[in-house]
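Read the structure below first, then the notes.
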Amino acid sequence: MTQRFVVIGAGVAGLAAARALKLGAPSAEVVLLERSERIGGLVLTERTPDGFLLEHGPDSLLEGKPAGMRAIAETGISDEVVSAPAGVRKSFVAREGRLYPLPPGLISGRASATAMMTAPLFTMAGRARMAMEPFMPQREGTDDESVASFFERRFGQEMVDRLIEPVFRGVYTTPTTKLSVRAVMPHLAMLEQKYGSLARAMASRASLSGSDSPAAPTVVTLRSGMGALPTALARALEGSIRLGVTATRLRRTPSGLTISLGEHGELEANGVVVATPAPAAARLLADLDPAVADSLGAIGVGRLDTVTFGFWRKDLDHPLEGTGFVVDANEKCALTACTWSSSKWVGRAPDDSALIRCFLAAPGATDEELVASARDDLRALMGIPLAIKPRFTRVWRLSQSLPRYEVGYMERAAETLERVAQLPDVAVAGNAYNGMGVPDCIASGLAAAARLLGTTEPAPPPAH
């Protein structure tokens with residue numbers, strides 16, 4: 001029988017894995033199963049007939065993470081890469097009904113001392129406490145701790161309350177009192193271990209670069225939307241993708257592995273990559289290895305709801321100068337963050353329009369209630385009257401797909417990968433293991449494929 005590899009899940013991790021298997025084993029059959037009717041997973045781009053480009057999932061990727069840029073180059077879409085327009089790096093935090101500018105470069109660990117000590121978000125007492133950071137004792141040991149604990153130790157509670165909590169809540173949908181610093185900011189934990197102080201670490205790096213404000217990581221997007229990447233990855237998989245097919249069970253048989261597909265029967269395989277969210281992966285692997293399923297089940301997941309509005313620009317008094325804002329947890333808002341997409345990226349809206357994307361935490365709310373909450377919060381924080389009618393509204397809801405990187409997550413993820421490594425013909429990939437960004441997921445898919453192929457490097461790309 002011809003060797004057959006099956007990949008379950010057609011998000012970017014599954015697409016990357018299937019493509020690498022196809023290129024690395026040209027004589028093998030590769031089958032990519034996806035329960036929905038589209039590829040891309042969390043990456044979803046929509047273009048409206050009147051010229052708006054909406055991202056319902058991630059809208060960018062970090063250039064410094066090589067797997068993403070390599071995939072773009074290998075699939076022939078490098079000419080799609082664009083950076084943010086000059087001057088739009090400014091972002092804000094909503095507190096007490098006002099938008100305060102965030103110190104540039106803070107969360108990347110590259111903020112200058114001047115930017116921190118002059119930020120209007122902080123009180124004089126808060127600034128004085130932050131200035132004490134070089135004199136704070138270094139934490140003993142290397143055990144994981146929460147993001148809130150890390151920043152409170154180094155910079156004080158005011159920084160946690162006014163900056164760290166709203167920023168990370170907007171990105172990770174997890175309270176900073178539970179969020180793992182080793183999972184989301186390992187470089188800061190390592191800097192403390194090496195230098196004993198983040199301020200000393202920044203000073204040392206600045207002296208090497210000749211500046212007190214080292215460059216922030218470059219964030220890029222694709223001109224026609226992030227959806228261009230999964231489309232490009234899929235080009236090598238013509239005839240291999242089966243949409244609308246749900247894998248329900250994975251079991252071992254004398255001939256290898258058998259995947260149950262419900263009404264679509266069964267499929268035998270010599271090797272399988274499970275590239276689904278952790279809960280689905282746990283269900284798939286429960287019969288094959290209960291210990292692996294239990295390990296996967298210990299990785300918590302959260303939800304994300306977004307509402308995107310298109311407005312006529314003339315109807316908005318707000319300047320929209322920047323990328324958007326995050327919201328202080330003490331604000332009486334359903335909104336956790338807001339992206340001014342048409343300012344952040346070129347080509348997201350017609351010149352006479354604005355595109356605004358809202359992220360909300362409103363468990364149990366209907367679509368109509370989400371829209372109403374978003375409009376109420378935009379009125380309160382941006383001064384957009386309810387009487388202003390948007391050109392269009394889009395609601396996108398996501399559940400059970402975003403891992404919660406809580407304290408101890410790195411150990412749980414490592415344990416999961418170690419257990420899966422005991423299975424000779426199964427690999428896992430996706431955002432539950434080594435990061436939730438697009439490049440992280442691609443790297444995860446490539447690693448899974450390499451494991452089944454018995455190689456250490458991804459397959460070489462075809463010539464373009």
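The values are calculated or read from the model by the stated rules, or taken from the named source; none is laboratory data. These numbers were taken from a predicted model, which means no experiment stands behind them. Glycine also receives a Cβ, built like all others from the backbone with ideal geometry; neighbour counts cover every protein chain displayed.
Details
- Some residue of region 348-371 being within 25 Å of Val167 (Cα to Cα), of a type in the set (D, E, K, R), crowded, with 21+ Cβ neighbours inside 10 Å and in contact (Cβ under 8 Å) with a residue 60 or more places away in the chain: yes
- All positions within region 56-76 that are more than 13 Å from the chain's Cα centre (by Cα) and either buried (at least 20 other Cβ atoms within 10 Å of the Cβ) or among the hydroxyl-bearing types (Ser, Thr, Tyr) (or both): Ala67, Ala71, Ile72, Glu74, Thr75
- Every residue from region 390-446 that is on the phi > 0 side of the Ramachandran plot and assigned to a strand (DSSP E or B): Gln400
- Of the residues Pro350, Pro385, Pro290, Pro363, the single one that is at negative phi, at pLDDT below 95, out of contact with any Leu (no Cβ under 7 Å at 6 or more places or on another chain) and outside the structural domain of Leu417 (by TED's automatic domain parsing) is Pro363.
- Test: residue in region 309-330 that is outside the structural domain of Pro424 (by TED's automatic domain parsing), over 30 Å from Val346 (Cα atoms) and in a loop (DSSP other than H, G, I, E, B): yes
- Selection count where residues are more than 18 Å from Leu54 (Cβ to Cβ) and small (Gly, Ala, Ser), scope region 313-372: 8
- Which numbered condition Arg412 fails, given (1) under 17 Å from Cys338 (Cβ atoms); (2) basic (Lys, Arg); (3) within 24 Å of the chain's Cα centre (by Cα): (1)
- Boolean, Thr323 is under 19 Å from the mean Cα position of the chain (by Cα), modelled with pLDDT of 95 or more and surrounded by fewer than 23 Cβ atoms within 10 Å (Cβ to Cβ): no
- Qualifying residue in region 135-152 (condition: outside any helix (DSSP H, G or I) and in contact with a Leu (Cβ under 7 Å, 6 or more places away or on another chain)): yes
- Of all residues in region 1-36, those that are buried (at least 24 other Cβ atoms within 10 Å of the Cβ) and assigned to a loop (DSSP other than H, G, I, E, B) total 2.
- The strands (runs of 3 or more DSSP E) falling completely within region 241-293 that include 3 or more residues that are touching a helix residue (DSSP H, G or I) at 6+ places or on another chain (Cβ under 6 Å), buried (at least 19 other Cβ atoms within 10 Å of the Cβ) and touching a residue at least 12 places away in the same chain (Cβ under 8 Å) map to 271-274.
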